[in-house]
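Below: the structure, in C-alpha cells.
The values are calculated or read from the model by the stated rules, or taken from the named source; none is laboratory data. Keep in mind that what you see is a predicted model, and the values were worked out from it rather than measured. These area figures cover heavy atoms from the full protein model, side chains too; ligands, DNA and RNA do not enter into them. Shrake-Rupley method; radii C 1.70, N 1.55, O 1.52, S 1.80 Å.
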Amino acid sequence: MASTEKKGVDGEEIDNFNAIQDPNTLAALQEKLGQMTIKKPELDELDLPPAVRKRVNAIKNIQLETTKIEADFFQQVHRLEIEYSLKYAPLYKRRAEIVSGEVEPTASECVLFGEEQDNEKTDNEKQENDN
C-alpha cells in the first residue's frame, strides 16, 4: 500500500491532505499561483483584416459614447439622491428621536395609515346600525 506522505519543501514528511490545511503551504501555493499569469493578446495586437479592424473601431467609439451617456445618468442619479436625502433627513431625525425614547410620538403618529380609514368606516357602520 502506497503512503500518502511525501517530503515537504523543508525536507520533513507531510500528509497531502493536511498539507493544504497548513497556512504556510497555502501561502506558498497562493504566491506561486499569483506569479502564474497568462497574457492575452490585446485586440490591437492581433493581425486583423482592415474591414474587421474598422468594425472594431466603430464598436469602440459606440462604447465610448455609451459610457459618456452612462456617466451622465449616474451624475443625475447622484443629484436626485442628494435632493431626496434632504427630504428624508427630518423624517429620519424624527424616527431616531422616537426610537431612542428622546420624545414620545404624537397621537396622530401612532395611528397607522389605513387604520384611520378603517376606524371611520367602523364608526359610520355603527351610526347606520343605530339608526
* **Exclusive hit being open to solvent by less than 90 Å² (accessible area, probe 1.4 Å), part of a helix (DSSP H, G or I) and not acidic (D, E), set P105, P90** => P90
* Asked: Which ones in region 60-87 are of a type in the set (A, V, I, L, M, F, W, C) and open to solvent by less than 100 Å² (accessible area, probe 1.4 Å)?
  -> L64, A71, V77, L80, I82
